[in-house]
Amino acid sequence: MLTEVGFPPDSAMNLFCDNKAAIDISHNPIQHDRTKHVEVDRHFIKQNLEERIIQFLFVKSEDQLADILTKAVSSRNFYHSLNKLGVRDIYSPT
């Protein structure tokens, strides 16, 4: 998409994933019974991995910033992620 709007990437895009099974499936050319429903997506990802457009990197679940937007996390992880994102409560006394 970046190339289509005139900004071709100069290196592989890092995709951080906290699921080792998903990373293994994306790199394994063998068809898995559990992935038949995502066959098109898996082939798209496999093609982009081979062309070095993307690369999957493992990140621990507690360091996955996107989790606060998609699932329930502990308050400690929630506030830690907000801090990493630079989100501040402007009404909080300093």
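Some observations on this one:
- Ordering 86, 72, 47 by Cα displacement along the dipole of the chain toward the positive end leaves 72 in first place; charges were set at the Cβ atoms of Lys, Arg (+1) and Asp, Glu (-1).
- The chain, relative contact order in percent, only Cα pairs under 8 angstrom and at least six apart counted: 32
- Each Lys and Arg Cβ is given +1 and each Asp and Glu Cβ -1; about its Cα centre, the chain then shows a dipole of about 300 debye.
- Evaluated on the chain, the Kirkwood hydrodynamic radius is 16.0 Å, with distances taken between all distinct Cα atoms.
- Count of lysine pairs in the chain with Cα separation under 23 Å (8 or more residues apart, or interchain): 9
- Residue of 46, 84, 20 that the Gaussian network model of the chain assigns the largest fluctuation, springs spanning Cα pairs under 10 Å: 84
- Residue-by-residue Karplus 3J(HN,Hα) for region 13-23, coefficients 6.51, -1.76, 1.60, Hz, glycine and proline x: 7, 7, 10, 8, 10, 9, 10, 5, 5, 5, 5
Values in this text are rule-based calculations from the coordinates and carry no lab data. The model shown is predicted, which means the values in this text are computed figures rather than measured ones. Here the Cβ is made from the backbone with ideal geometry for all residues, glycine too, and neighbour counts use every protein chain on show.
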